[in-house]
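Asks: Input: one structure, supplied below.
The values are calculated or read from the model by the stated rules, or taken from the named source; none is laboratory data. Everything numeric here is computed off the predicted structure, so don't read it as measured data. Don't worry about glycine lacking a Cβ; one is built from the backbone with ideal geometry, like all the others, and counts go over all protein chains shown. In case anyone asks, the SASA skips ligands and DNA or RNA and just uses the protein heavy atoms, side chains included. Shrake-Rupley method; radii C 1.70, N 1.55, O 1.52, S 1.80 Å.
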Amino acid sequence: MCEESNKKPFPFQISSVCPRNLTEEEKIKLEKDKNVISEFKQNKLEKEAQKNWDLFYKRNTTKFFKDRHWTKREFSDLFYEEDEQTEDCKTILEVGCGVGNFLFPLLEEFKKLYFYACDFSIRAVQFVKENSLYNPDRCHAFQCDITCDDLCKEIPPDSVDAVSMIFVLSAIHPDKMVAALKNILKILKPGGCILFRDYGLYDHAMLRFGPGHKLCENFYVRQDGTRAYYFKTDELTLLMESAGYSCVNCEYIQRETVNKKEGLCVPRIFVQAKFIKSIADKVNSSQPIEVSKTCEYTTGDKQEENITSKGEGNNTDIQSRVVLDYCWSPWLKIA
């Protein structure tokens, strides 16, 4: 029996330990979509992952995502009543910082936060540094592939209070997720936490993919070459535990996003969670990053070789695309 509860006093939102129930039509659609993209194309997408994200930010600059003011409500662990009498400062790493929609609102509101911010895209990091709110005394932004670049070269080991991973792990190939999480573990303080939010199983964006976009189970490529994985809560918990974390909570967030312009009301499914590094766990910063093999290619007899011919719609309506394709800021107000 699935447990559900009203998560917050926010319209159309509930939390649940189970994914949402599919309609018969949705079940048939997923059952038919068995063929995956060829290994050659998958390898090409992996090699060009950074280039595809750089092109994404070249097209959209700083205008695609809205500032994430909702994080204060959802991740209260990050925040505390600031005491003017103390100089205590929390250190936060934002993994996948994009153009700064998470860090800049928080830097403005909380004077005793220090941010490290990294992103796969060189162009995104440059946008962060060009922001008028960027202050090297309070934040340090750098380009990084967290699956292989040692974070300890930029951040002292065991020094970060909290890490935010908001719609970022889903963009990483499943084979490399554990390596990325072990990399982050090295810079977290014992007792430090990962605050996590990402795409959940059967999210509307997952169900919209047509043939020729499936990479492996629950892993898809978008029209622009960027990729997205859709998590199960139990799967995510096991993944985190295998990387050395303990689970505090992990649940589905189910809500409806309304696009008034197109008259659409669609189910969005996210996974929200908190994981901690054991107080007794001090990581050896010289420990190499390991990559495990979890995703196998099982190409069907028939392939849709053109991965851009079908997919998540055109690029003519930015608001609609935010709601239906990416929705990294999950509570957009569509006019």
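Asks: Taking segment 130-139 only, how many residues are assigned to a loop (DSSP other than H, G, I, E, B) and out of contact with any helix residue (DSSP H, G or I) (no Cβ under 8 Å at 6 or more places or on another chain)?
Replies: Matching residues across segment 130-139 total 3.
Asks: Looking only at residues in segment 214-223 that are closer than 18 Å to PHE167 by Cβ and not hydrophobic (A, V, I, L, M, F, W, C), which one is farthest from the chain's Cα centre (by Cα)?
Replies: Among those that are closer than 18 Å to PHE167 by Cβ and not hydrophobic (A, V, I, L, M, F, W, C), it is GLN223.
Listed here are the residues, each with its yes/no results for (1) in contact with a Phe, Trp or Tyr (Cβ under 9 Å, 6 or more places away or on another chain); (2) open to solvent by less than 30 Å² (accessible area, probe 1.4 Å).
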{"position": "LEU103", "(1), (2)": "yes, yes"}
{"position": "LEU106", "(1), (2)": "yes, yes"}
{"position": "LYS111", "(1), (2)": "no, no"}
{"position": "ALA117", "(1), (2)": "yes, yes"}
{"position": "PHE120", "(1), (2)": "yes, no"}
{"position": "ASN135", "(1), (2)": "no, no"}
{"position": "CYS139", "(1), (2)": "yes, yes"}
{"position": "ILE146", "(1), (2)": "yes, yes"}
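Asks: Okay, moving on. THR226 is checked against (1) open to solvent by less than 10 Å² (accessible area, probe 1.4 Å); (2) over 23 Å from VAL163 (Cβ atoms) and fails just one. What number does that condition carry?
Replies: Unmet condition: (2).
Asks: May I pose another question? Is there any pair linking a residue in segment 253-266 that is without any contact (Cβ under 8 Å) to a residue 60 or more places away in the chain and at negative phi to one that is in a strand (DSSP E or B) and open to solvent by 60 Å² or more (accessible area, probe 1.4 Å), with Cβ under 8 Å and at least six apart or on different chains, and which?
Replies: CYS265/GLU256
Asks: Within the group LYS186, LYS182, LYS232, which residue is out of contact with any His (no Cβ under 8 Å at 6 or more places or on another chain), at pLDDT 95 or above and open to solvent by less than 10 Å² (accessible area, probe 1.4 Å)?
Replies: Among LYS186, LYS182, LYS232, only LYS186 is out of contact with any His (no Cβ under 8 Å at 6 or more places or on another chain), at pLDDT 95 or above and open to solvent by less than 10 Å² (accessible area, probe 1.4 Å).
Every residue, every condition in (1) under 18 Å from the mean Cα position of the chain (by Cα); (2) hydroxyl-bearing (Ser, Thr, Tyr); (3) at pLDDT below 90, yes or no:
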position	(1), (2), (3)
LEU236	yes, no, no
ASN249	yes, no, no
LYS260	no, no, yes
LYS277	no, no, no
LYS282	no, no, yes
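Asks: Follow-up question, since we're still on this one. Only residues that are in contact (Cβ under 8 Å) with a residue 12 or more places away in the chain, of a type in the set (S, T, N, Q) and over 30 Å from GLY200 (Cα atoms): list them for segment 125-158, please.
Replies: Across segment 125-158, the qualifying residues are ASN131, ASN135.
Asks: Among the residues of segment 260-279, write down those that are in contact with a Lys or Arg (Cβ under 8 Å, 6 or more places away or on another chain) and farther than 16 Å from GLU241 by Cβ.
Replies: PRO267, ARG268, ILE269, PHE270, GLN272
Asks: Here's another thing I want to ask about it. Quick one: which residue in MET177, MET206 is buried (at least 17 other Cβ atoms within 10 Å of the Cβ) and in contact with a Leu (Cβ under 8 Å, 6 or more places away or on another chain)?
Replies: MET177
Asks: Kindly list, by first and then second residue, each pair from a residue in segment 23-49 that is hydroxyl-bearing (Ser, Thr, Tyr) to a residue that is open to solvent by less than 100 Å² (accessible area, probe 1.4 Å), limited to pairs with Cβ atoms under 8 Å and residues at least 6 apart or on different chains.
Replies: What qualifies is SER38/TYR297; SER38/THR299; SER38/GLN303; SER38/GLU305.
Asks: Does LEU107 satisfy being among the hydrophobic types (A, V, I, L, M, F, W, C), outside any strand (DSSP E or B), over 30 Å from PHE219 (Cβ atoms) and modelled with pLDDT of 90 or more?
Replies: Against the criterion (among the hydrophobic types (A, V, I, L, M, F, W, C), outside any strand (DSSP E or B), over 30 Å from PHE219 (Cβ atoms) and modelled with pLDDT of 90 or more), LEU107 does not qualify.
Asks: Count, please, the residues in segment 1-49 that happen to be surrounded by fewer than 17 Cβ atoms within 10 Å (Cβ to Cβ), among the charged types (D, E, K, R) and modelled with pLDDT of 85 or more.
Replies: Adding up the residues that qualify gives 13.
Asks: With respect to TYR220, determine if the residue is free of Cβ contacts under 8 Å to residues at least 40 places away in the same chain, on the phi < 0 side of the Ramachandran plot and surrounded by 17 or more Cβ atoms within 10 Å (Cβ to Cβ).
Replies: yes
Asks: Could you check PHE142 against (1) more than 30 Å from LYS29 (Cβ to Cβ); (2) among the aromatic types (Phe, Trp, Tyr); (3) in contact with a helix residue (DSSP H, G or I) (Cβ under 6 Å, 6 or more places away or on another chain) and say which number it fails?
Replies: Exception for PHE142: condition (3).
Asks: Please specify each residue of segment 235-248 satisfying the condition of being open to solvent by 60 Å² or more (accessible area, probe 1.4 Å) and without any contact (Cβ under 8 Å) to a residue 40 or more places away in the chain.
Replies: Matches in segment 235-248: GLU235, LEU238, GLU241.
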